[in-house]
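Input: a single structure, listed below in structure tokens.
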Amino acid sequence: MRSGERKEIAKLTDIAYIPCMTIRPIIIHPDPRLKTVAAPVTDITDAVRRLGADMLETMYDAPGIGLAAPQVGVLSRLLVMDCVKGEGAPPRPMVLINPEIVAASEETNTYDEGCLSIPEQYAEITRPAEVDVRWMGLDGEEHQEHFDGLWATCVQHEIDHLNGKLFIDYLKPLKRQIITRRMQKLKRERARA
Ligand code: NI
């Protein structure tokens, strides 16, 4: 990500005063922190603002379209996402605190999902096609929005993370086991490197 874009993101997310954002290491499955139900955020502190900014930076760097706090080892109910696609489209970085799905469509959508905590593994997952989500913003205000398409899939995937659930938990045990073994191998290789 270029610095010009970064300034734009800071402006959009009300985090402009944070002098520099840090890329945080992403936890790779399997890890008990990815299986834990995260705790609600009670106050918008500087630490929370910094977490949001760092997570956006980490997500864009990866690159990814969504990231939940447990993936960077913080067991708090906060997620970031930006599912804007296409060349030249302005970014739309979002920080969602204590997000809740308040309504979901009966109609479903199937996407080939991946996860920054399960690199290079993809599987088709079926979820409600549209959801209404309520959350608290970094501005301390309550927000509610209707999501469809990739945004709906992404927000549900990330909220699952806050509940200790991964997309592979929707798969049959054998397939999940194969992916988990691959990740264990990847972690061993990374630890040796
Ligand atoms: Ni994920």
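Some notes on this structure:
- Given (1) touching a Leu at 6+ places or on another chain (Cβ under 7 Å); (2) away from the ligand (no atom under 12 Å from the Cβ), index of the condition residue 158 fails: (2)
- Residue, farthest from the ligand (Cβ to nearest atom), within the range 53-71, restricted to residues that are in a helix (DSSP H, G or I) and small (Gly, Ala, Ser): 53
- Entirely in the range 73-123, the strands (runs of 3 or more DSSP E) that have 3 or more residues that are hydrophobic (A, V, I, L, M, F, W, C): 78-81, 94-104
- In the range 104-144, the residue that is farthest from the chain's Cα centre (by Cα) out of those that are among the small types (Gly, Ala, Ser) and more than 20 Å from residue 40 (Cα to Cα) is 105.
- Condition met for residue 180 (of a type in the set (Ser, Thr, Tyr), touching a residue at least 12 places away in the same chain (Cβ under 8 Å) and within 14 Å of the ligand (Cβ to nearest atom)): no
- When the range 117-174 is filtered for residues that are of a type in the set (Asp, Glu) and crowded, with 16+ Cβ neighbours inside 10 Å, the ones remaining, listed by number, are 130, 158, 160.
- Members of the range 117-133 found to be of a type in the set (Gly, Ala, Ser) and within 16 Å of the ligand (Cβ to nearest atom), listed by number: 117, 123
- Boolean, residue 114 is within 12 Å of the ligand (Cβ to nearest atom) and in contact with a Phe, Trp or Tyr (Cβ under 6 Å, 6 or more places away or on another chain): yes
- Among the conditions (1) of a type in the set (D, E, K, R); (2) surrounded by fewer than 14 Cβ atoms within 10 Å (Cβ to Cβ); (3) within 13 Å of the ligand (Cβ to nearest atom), the only one that residue 31 does not satisfy is (2).
- Residue 92 vs. criteria under 23 Å from residue 40 (Cβ atoms), out of contact with any Cys (no Cβ under 7 Å at 6 or more places or on another chain), touching a residue at least 12 places away in the same chain (Cβ under 8 Å) and surrounded by fewer than 18 Cβ atoms within 10 Å (Cβ to Cβ): no
Each reported figure results from applying straightforward, stated rules to the coordinates on display, with no laboratory input. Keep in mind it's a predicted model, so treat the numbers as computed, not measured. Counting neighbours? That spans all protein chains shown, and the Cβs are built from the backbone with ideal geometry, glycine included.
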